[in-house]
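Rule-based calculations on the coordinates, nothing more; no lab input. From a predicted model like this one, the values you see are computed outputs, not experimental measurements. Every residue, glycine among them, receives a Cβ derived from its backbone with ideal geometry; neighbour counts consider all protein chains shown.
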Amino acid sequence: MRHLIDITDLSVEELDELLDLASDIAENPKKYQESCKHKKLASLFFEPSTRTRLSFEAAMFDLGGNVLTVSDANSSSASKGESVADTAKTVSCYADIIAMRHPKEGAPFVASKNASIPVINAGDGGHNHPTQTLTDLLTIKREKGRLDNLTVGFCGDLKFGRTVHSLIDALSRYTNIKFVLISPEELKLPSYVKKDVLAANNLEYVQTADLEEVIPQLDILYMTRVQRERFFNEEDYLRLKDSYILTPEKLKKAKEDLAILHPLPRVNEISVAIDEDPRACYFKQVLNGKFVRMALILTLLKEAGTL
Ligand code: NCD
């Protein structure tokens, strides 16, 4: 059974195939509108979400399928102490595929070991978020026409931002990507990502706290929110939350064809004045998220022999 727990579960060829399928879906949505007829997606969200859950559900509806949802941990048996393993076995009796978000790192992996249907990690704690990465890769590919020869700046909470960890993992497998890591000292990229992904692949990267100094070099600027829910104390969050606020003034030094991405939700790290700038891609990114999730559901259900 194929699952998607970590972005490296997919080879680069498989990633490229998925992105091509997502582009075809974006261009020819009618062709796919009955592809998952009578199939069910269970979306199990034990942590808040707007885009990820709704895009999974919209994806399944646009494929002609149906959706079963747990959108609040307190309304499920998890609140009675049921294990992730038992939940996965149970949901396998009702649905054809699971998308799971969980505050505990590794929970979707445990689910995948116990489910008899494909499991997709929709975000596990501060660890990984592979379907956001598919979204980000599709956006970069559609904006830039390529996934190689790019200077990519990651800005904000690189410590707790799971979307950052997964995207760095994915981009490390493409050619000639330069990584620029922009964060305050306390929110630097975890050393395990630096060691296992960047250093292990001999990849070039720079670390800085100064966005304005590096902005002129960037082809992609990936902004992130400071992840309040993963802080141990509110004081630290309050001190760090406004570390970076992207304004039209700061963008003056950036390339004309910079693409600004953000997984959203935005708090205040991108001024709304930038939304009308042609370089702002974060709402296009939202739409791309539905197309890649359609491609992923189709691919995993085909591999499982369900379609
Ligand atoms: C991200 C997440 O949940 O990690 N959101 C999303 O899925 N688009 C980013 C965030 O919450 O900051």
Handout entry: Inter-label distance, nm, simple model (7 Å from Cα along the C-beta direction), E82/Y192
Key = 2.8 nm
Handout entry: R0 of 25 Å, Cβ-Cβ distance E13-S71: FRET efficiency to nearest 0.05
Key = 0.10
Practice task
Please go through the residue pairs K250/K284; K113/K188; K30/K252; K141/K252 and name each one whose alpha carbons sit more than 30 Å apart in this structure.
Solution key: K113/K188; K30/K252
Problem - Evaluated over the range 41-141, the Cα radius of gyration and Dmax, each in Å - result: 13.0, 44
Handout entry: Length released on extending from T208 to V272, taking residue separation times 0.36 nm less the Cα-Cα span
Key = 20.5 nm
Practice task
Mind giving me the nanometre distance, one decimal, between the label points for R228 and S116, set 7 Å out from Cα along Cα→Cβ?
Solution key: 4.3 nm
Practice task
State which helices in the chain qualify, where a helix is a whole DSSP H run, it must extend 18 Å or more along its own axis by its Cα atoms, and its mean Kyte-Doolittle hydropathy must be at least -0.5.
Solution key: 12-27, 282-303
Exercise for the section: Compute the FRET efficiency between T247 and K284 as 1/(1 + (r/R0)^6), taking r as their Cβ-Cβ distance and R0 = 25 Å, and round to the nearest 0.05. Expected result: 0.75
Exercise for the section: Would you give the gap between the C-alpha center of the range 46-81 and the C-alpha center of the range 233-269, rounded to a whole Å? Expected result: 29 Å
Handout entry: Hydrodynamic radius (Kirkwood) for the chain, which is based on Cα pairs only, to one decimal in Å
Key = 19.8 Å
Completion exercise
Spelling it out for V67: with amide H atoms placed in the peptide plane at 1.01 Å from N, the residues 5 or more places away or on another chain with amide H under 5 Å from its amide H are L41
Problem - Rounded to whole Hz, the Karplus (6.51, -1.76, 1.60) HN-Hα couplings of the range 179-195, x for glycine and proline - result: 9, 10, 9, 10, 7, x, 3, 6, 10, 5, 4, x, 5, 5, 6, 4, 6
Practice task
Find, to one decimal place in angstroms, the Kirkwood hydrodynamic radius of the range 130-285, where the mean of 1/r is taken over every pair of different Cα atoms and then inverted.
Solution key: 15.6 Å
Handout entry: Virtual spin-label span in nm between T90 and A304, 7 Å along Cα→Cβ
Key = 1.8 nm
Practice task
For I270, list long-range residues whose amide hydrogen, built 1.01 Å from N in the peptide plane, is under 5 Å from its own amide hydrogen.
Solution key: L246
